[in-house]
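*Asks:* Can you keep this structure in mind? I'll have questions shortly.
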Amino acid sequence: MSYEVERQALLDAASTWSSAETDMTTAQTNANAINVTTNGASVIGDMTGFVSTYDDVRDRVATLLGQGAAAMTLIDDTLKGIERQYATDDDAALAQIGAIWSPTNP
C-alpha cells in the first residue's frame, strides 16, 4: 500500500468515527427528549416509582451515549492527528533529502 493510500485510509477511518459520533449524539438528544409523565404512566405507576426509575434509566442511557460520542470524537481526532503527523514528517524528510540530493544535480 502506498504512503498516500495509507494516509487516506486514516482520514477515511476518522470520517467513519466522526459519523458514528454524530449518530451517538443524535441518539443522546433523542433519549433526553423521551419523557414519561404521571398521566402517561398512571398514578399507580408514579406511586410505585416507575416514573422516577424510568427517568433514572433514561438519564443513564443518555449519559452513556454522550460518553460514547466523546470517545468516538477522541478516536476521530487521534486518527486525524496521526495523519497530520505523517504528512509533516513526510514533508520534512522530502525537504531534507531535496537539500542534499536532486536528480538534476550533476
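*Asks:* Measure nothing but the geometry: give the 0 to 90° angle between the long axis through the Cα atoms of 50-100 and the longest principal axis through the Cα atoms of the chain, rounded to 10°.
*Replies:* Helix 50-100 sits at roughly 0 degrees to that axis.
*Asks:* Here is a further query. For the chain, modelled as a GNM with alpha-carbon contacts under 10 angstrom, which of Ala62, Ala41, Ala14 fluctuates the most?
*Replies:* Sorting by GNM fluctuation, first place goes to Ala41.
*Asks:* Follow-up question, since we're still on this one. If Lys and Arg each add +1 and Asp and Glu each add -1, what is the summed charge of the other residues whose beta carbon sits under 10 Å from the beta carbon of Ser15?
*Replies:* On the way: positive: Lys80; negative: Asp12, Asp76.
Once all neighbours under 10 Å are counted, the net charge is -1.
*Asks:* Taking the alpha-carbon centroid of each part, what is the distance from segment 45-60 to segment 75-94 in angstrom?
*Replies:* 48
*Asks:* Moving on. To the nearest 10 degrees, how steeply does helix 3-33 sit against the main Cα axis of the chain, on a 0 to 90 scale?
*Replies:* For helix 3-33, the angle is close to 10 degrees.
*Asks:* Another question, then. What is the gain in length, in nm to one decimal, between Tyr3 and Asn30 on full extension, counting 0.36 nm per residue of separation less the C-alpha to C-alpha distance?
*Replies:* On the way: separation 27, 0.36 × 27 = 9.72 nm, distance 4.10 nm.
Contour length minus Cα-Cα distance gives 5.6 nm.
Readers should treat all values here as calculations from the given coordinates under stated rules, not as data from a laboratory. Quantities reported herein were computed from a predicted structural model and do not represent experimental measurements. Neighbour counts are summed over all protein chains in view; Cβ atoms, including those assigned to glycine, are modelled from backbone coordinates with ideal geometry.
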